[in-house]
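The values are calculated or read from the model by the stated rules, or taken from the named source; none is laboratory data. Since this is a predicted model, take the numbers as computed values, not measurements. For neighbour counting, all protein chains shown are included, and Cβ atoms are generated from backbone atoms with ideal geometry for every residue, glycine included. Keep in mind that these areas ignore ligands, DNA and RNA; they rest on the heavy atoms of the full protein, side chains included. Shrake-Rupley method; radii C 1.70, N 1.55, O 1.52, S 1.80 Å.
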Amino acid sequence: MSITIPAEEEINGSTYYQINVKLPLRSYTIKKRYSDFDNLVKTLCHHIGINRKDFPYTLPAKRIHWLNKSNVVEERKQEFTHFLNNMLLDLSLRNEPEFLLFLQLPKNFKFQHRPQIDENGEGGDLWYDVYRSLKNQLLEELNSLKSGEGNTNPVRLKERIHKNYQPTINDLANSAAANNNENKQEMMKRKLYISQVQSLVTQIENFKKPSSWGETDSNGNSNGNGSRRIFGGMGGGSAHVKETDDTIALTNQELLQHQLQIHQNQDKEIEQLRVSIAKQRQIGEAINAEVEEQNSILDQFNEEVENTSDKVQQARRRAKKIL
């Protein structure tokens, strides 16, 4: 299951966002305004009994004057998409009556424990929908930790990791392993994607602010565990990776940015590989269609040759009778 917002519509001077909801057995579309999203968060906070600032997922900020409305709408479409998909993955919120009412689902409707990634039918698309939603969530968590904004309570963060993020990664891994005999290249690509989101989880778990950035006191001494390098894992251990000349001079902050850049480059390379494979598939299908057409022509030619041969035999027999 996933949610996308591909378009918007202007009705009586208000912008309504077209929300496409894809469930395992059906898909449908609803239209919601910004105020509908705002009311959803308000009612959820009131029902749960928390302050709005403690709500784990944020909406795009309100703007009084829009200098470029089209850009604002495009940004909101992306942020609303992330917001709703994050809600879908949150086991503690996804079945709240207010959220079900927002999605125009029956009161007795219940989402499954976690999205079931079924590789039959549209399973491939669903796998990537879940992956993209999870990766966006993890990036938002990491950015919130770095900026000190959002819900960075360590207890709740640990709960989200163990109840939401890690089980979803396990589901993605199990789904990829269950179909490893169908397409080896696809399996390797998915394993690489899984390692990337697992790496993001590790970075979030090991994040400690401010000591994790190696800050020092007025005497130049390291605060707490700030001297530990995040490269190859926090602290020692048998899995420690030897640093290279490119990374040994970097601070923890620079090293983290370096790792994120590597992940982005890998994403680009994988996307290029996907495009190349898609082109090869198109070429293969074109060749197959051409071969089938040529076979059909050859079959027709053989039939014509056989008919001509029969006519020649008949002509010979008639000639013999005349002679």
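With respect to residue 183, is the statement that it is surrounded by fewer than 14 Cβ atoms within 10 Å (Cβ to Cβ), among the polar types (S, T, N, Q) and either out of contact with any Lys or Arg (no Cβ under 7 Å at 6 or more places or on another chain) or at pLDDT 80 or above (or both) true?
yes
Any idea which residue in the range 85-109 is modelled with the lowest pLDDT, counting only those that are open to solvent by 50 Å² or more (accessible area, probe 1.4 Å) and over 23 Å from the mean Cα position of the chain (by Cα)? Quick ask: steps written out before the conclusion?
Filtering the range 85-109 for residues open to solvent by 50 Å² or more (accessible area, probe 1.4 Å) gives 91-92, 97, 101, 104, 106-109.
The next check asks that each one be over 23 Å from the mean Cα position of the chain (by Cα); those that pass are 97, 101, 104, 106-109.
Numbers: 97: 89, 101: 91, 104: 91, 106: 85, 107: 77, 108: 81, 109: 82.
The extreme case among them is 107.
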### Message
Yes or no: the range 54-68 includes at least one residue that is out of contact with any Ser or Thr (no Cβ under 9 Å at 6 or more places or on another chain), of a type in the set (Asp, Glu) and within 26 Å of residue 129 (Cα to Cα).
### Response
no
### Query
Which of (1) in a strand (DSSP E or B); (2) over 19 Å from residue 137 (Cα atoms); (3) open to solvent by 30 Å² or more (accessible area, probe 1.4 Å) does residue 63 not meet, given it meets every other one?
(1)
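Residues that are surrounded by 11 or more Cβ atoms within 10 Å (Cβ to Cβ), under 19 Å from the mean Cα position of the chain (by Cα) and in a helix (DSSP H, G or I): does the range 276-291 have at least one?
no
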#### Entry: Flag for residue 14 being of a type in the set (Gly, Ala, Ser) and under 19 Å from residue 138 (Cα atoms)
no
### Query
Among the residues of the range 8-25, how many are touching a residue at least 24 places away in the same chain (Cβ under 8 Å) and not acidic (Asp, Glu)?
6
### Task
Give the number of residues within the range 26-47 that are assigned to a helix (DSSP H, G or I), free of Cβ contacts under 8 Å to residues at least 12 places away in the same chain and open to solvent by 60 Å² or more (accessible area, probe 1.4 Å).
3
### Task
Filter the range 8-19 down to the residues that are of a type outside the set (Ser, Thr, Tyr) and within 12 Å of residue 80 (Cβ to Cβ), then identify the one that is least open to solvent (accessible area, probe 1.4 Å).
19
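Quick grid of which residues meet (1) open to solvent by 80 Å² or more (accessible area, probe 1.4 Å); (2) over 27 Å from residue 132 (Cβ atoms); (3) at pLDDT 85 or above; (4) in contact with a strand residue (DSSP E or B) (Cβ under 7 Å, 6 or more places away or on another chain):
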{"position": "247", "(1), (2), (3), (4)": "no, yes, no, no"}
{"position": "258", "(1), (2), (3), (4)": "no, no, no, no"}
{"position": "266", "(1), (2), (3), (4)": "no, no, yes, no"}
{"position": "305", "(1), (2), (3), (4)": "no, yes, yes, no"}
